Amino acid sequence: MFDKDKLEEIKKGREQWEKGPLDKVLGRFGERKDVFTSISGTPIERLYTPDDTAAINYDSDLGYPGEYPYTRGVQPTMYRGRYWTMRQYAGFGSAQETNARYRYLLDKGTTGLSVAFHLPTQAGYDSDHPLSMGEVGKVGVAIDSIEDMRQLFDQIPLDKVTTSMTINAPAPVLLAMYLALAEEQGVAWDKVGGTVQNDVLKEIICRGQYIYPPKPTMRLTVDLIEFCQKHVPRWNTISISGYHIRESGSTAAQEMAFTIADGIAYTQACVERGMDVDKFAGRLSFFFNAFTNVIEEVAKFRAGRRYWAKVMKERFSAKNPRSMMLRYHVQTGGVTLTAQQPLNNIVRVALQTYAAALGGCQSLHTNSYDEALCLPTQEAVTVALRTQQVVAEESGATDTIDPLAGSYYVEALTDKIEAEIDEYIQKIDAIGGTLSAIEEGYIQKEIQNSAYRFQKEIESEERVYVGINKYKMEEEPPKNLLKIDMTLGEKEAAKLAKLRQERDNDAWQKALDNLRKVSKSDENVMPAVVEAVKAKATVGEICDVWRDVYGEYRPKEFI
Amino acid sequence: MTKPKIKMIVAKPGLDGHDRGAKLLSRIFAEAGMEVVYTGLRQTPDMIVETALQEDADVVGLSSLSGVHNYFFPLVVQKLRENELDDVLVVGGGIIPEEDIPGLKEAGIGEIFGPGTDTASIVEYIQANARD
């Protein structure tokens, strides 16, 4: 951004500064550490100058918001137009209890819903399955049938809210229930908006809620994308997730790289299905983490936007600008929260929120400070939402677009992370693509090595974690933790028994038989799933049909 | 004579998918000289006890971050006892409220390690308390 002569002059100036004032101070006091690194282990220089950004071409590398390569943001006005969607992931206990929490959150200014399902639903089991014992209603809401879904959205008009659902392998089933419910409310499918996570690859990589082997589970993913493109045009068909990759220990660059690798795999699968990239890519969405190192996170988001735009344009020959936009949800880093001195987490979440805002997210979930202890209490959830509101309304981060652009440090780190992403994508291509890299355990091992390195840094006290390895103190055990009704399992099981007895079992059988037939063919499964949920087939029953047809996935463990 | 290696099972009971800690500790136990088997996810108490029997385990480490510890951990101890594996040390970790710990210990869990625990102290505890 400077001409050659000016750069030479700046370089000379720096040398003089290093030999003069810097050396003098270093000689007398030294620095706190020999090497400074980010939380991802990236070495950080003492000072960044125009020399570090000399290679940047403003027009082609940064450009303008809403324009290729989207480094500066995906919309022309960003938060000057409107803030990100404040979307708090919530769900626990029964559909009725969660419905009350949703209505509370909507009342307090949340602008989109985000459904946390309990693990049985996520793993495709009904609440009365033996593997569901002890899990019913624990980390999310128990949804077995359309009747539960109806209760979950009681008095919430589906044309007025957008709903994100963290559901992956069983995503077609939960989306079908939502669509059937919209129909009941008299809302046309082209008026409903929301997201299903539908990202089965990262379940296999790190999150653990897989059901079927990679190939058939990818088929269901693509079926859903194809169906929505035709019938539910405002639906984000997938939320390609780096969040959990980061939670399981990756660096910032790995988070972005492996998520983009998954994105490439999904896009490729859709193209192979015969879909036109510009017809579906605009509805691919992403989901990332935000840790406490604000600058590194901002650089990660900017690098990711630029790299994805290039992938779509160059690898997949996309023409539609929307296909090239990395639109994403952010959740603050769950794993960064400490059980020790939990109030400190409010500060961590505030910094992470600031990072998400400066990085240009489209929606955000802020974690509650008590989440290293238990499921969040209402008080903690309110503080988390207020944190977003303080950053949006008071910090000034929302007044101008991409406020950190042009910082020598931020631009240099953006370039560095993009280069790391590119290196990983090339390696994964060389292995034979994302699926092969997962099968070989390459991606899993890279993540685990980073997790190991981080743990060692904490334990050797090379890296300080407040309340963990420094500034420790004696504490009273926390009180007022959220408790889930242990008898909920029995109640849900009783509800299921009643449903199975009262439903029209001929219609139910017919719907499931049809689903089985379609699932064995090349036909898109979605219409048959919608019919099955209307006939009151449960999540477990539908997922069992696919277990029969497609088999179950058992991973190799790579330690 | 050198002491025989401690044989350790690391298991994830229930449907919880959070296995960063389980995998990390498996590696750290192995580095500390233990023989480690990581079961992977979605283990029922019966599956865990079966693995303990087959592997002749000295220690079973259970990890849960989804709030099912009060259900699963005591059940594993009970099933170990039913299989005459009374002397197998059972330890647990994850997101476990402090108020649940006395009950778990009463049920036969040796120790519970919460978030932020130094891994060296876990290794030390196991080495001191595993059967000879």
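No lab work stands behind these numbers, since they all come straight from the coordinates. Note that this is a predicted model, so its numbers are computed, not measured. Cβ coordinates were reconstructed from backbone atoms using ideal geometry, including for glycine residues, and neighbour counts include every protein chain displayed.
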Given charges at Cβ of Lys, Arg, Asp, Glu: chain A dipole, positive-most of A:T267, A:F280, A:G63: A:G63
For the range A:119-133, 3J(HN,Hα) per residue [Karplus equation, 6.51 cos²θ - 1.76 cosθ + 1.60, θ = phi - 60°, Hz, x = Gly/Pro]: 4, x, 4, 5, 9, x, 10, 6, 4, 9, 6, x, 6, 8, 4
Long-range lysine pairs (8 or more apart or interchain), the range A:297-422, Cα under 18 Å: 4
Shape of the range A:504-550, Cα gyration tensor, a/c cut at 1.5: prolate
Mean separation of Cα contacts under 8 Å, 6 or more apart, over the residue count of chain A: relative contact order %: 18
Whole-number percent relative contact order across the range A:504-550, with pairs defined as alpha carbons under 8 Å at least 6 apart: 46
The protein assembly as shown shape via C-alpha gyration tensor axes, a/c threshold 1.5: oblate
Rel. contact order, % - alpha carbon contacts under 8 angstrom, at least six apart, chain B: 26
Estimated FRET transfer efficiency (A:F558, B:D86; beta-carbon r; R0 30 Å; 0.05): 0.35
Ascending count of other beta-carbon atoms within 10 Å, so fewest first, for A:L22, B:L75: A:L22, B:L75
Per-residue Cβ neighbour rank within 10 angstrom, fewest leading, A:Y553, A:Y266: A:Y553, A:Y266
In degrees, nearest ten, helix A:294-310 long axis to first principal axis of chain A (Cα): 70
Under 29 Å between alpha carbons - lysine pairs in the range A:1-142 that sit 8 or more apart or on different chains: 12
Amide N of the range A:61-90 lying under 19 Å from the label point, which is placed 7 angstrom from the Cα of A:T400 along Cα→Cβ: A:62-67, A:71-83
Helix axis angle, A:505-520 relative to chain A longest principal axis, alpha carbon, degrees: 50
Local electrostatic count at A:K510 - Lys and Arg +1, Asp and Glu -1, tallied over other residues with Cβ under 15 Å: 0
Set of aspartates and glutamates with alpha-carbon distance to B:K79 below 19 Å, sequence-local pairs under 8 removed: B:D46, B:E50, B:E55, B:D56, B:D58, B:D87, B:E106, B:E111
Shape category assigned to chain B from the gyration tensor of Cα positions, a/c cut at 1.5: rounded
Nearest-ten-degree value, helix A:442-459 long axis tilted from longest Cα axis of chain A: 60
Entries in A:K215/A:K520; A:K160/A:K279; A:K230/A:K517; A:K556/B:K23 that, when Cα-Cα distance is taken, lie over 19 Å: A:K160/A:K279; A:K230/A:K517
A:K108, A:K416, A:K160 arranged by Cβ crowding within 10 Å, fewest neighbours leading: A:K160, A:K108, A:K416
Within the protein assembly as shown: Cβ-based charge dipole about Cα centre, in debye rounded to nearest 20 (Lys, Arg +1; Asp, Glu -1): 1440
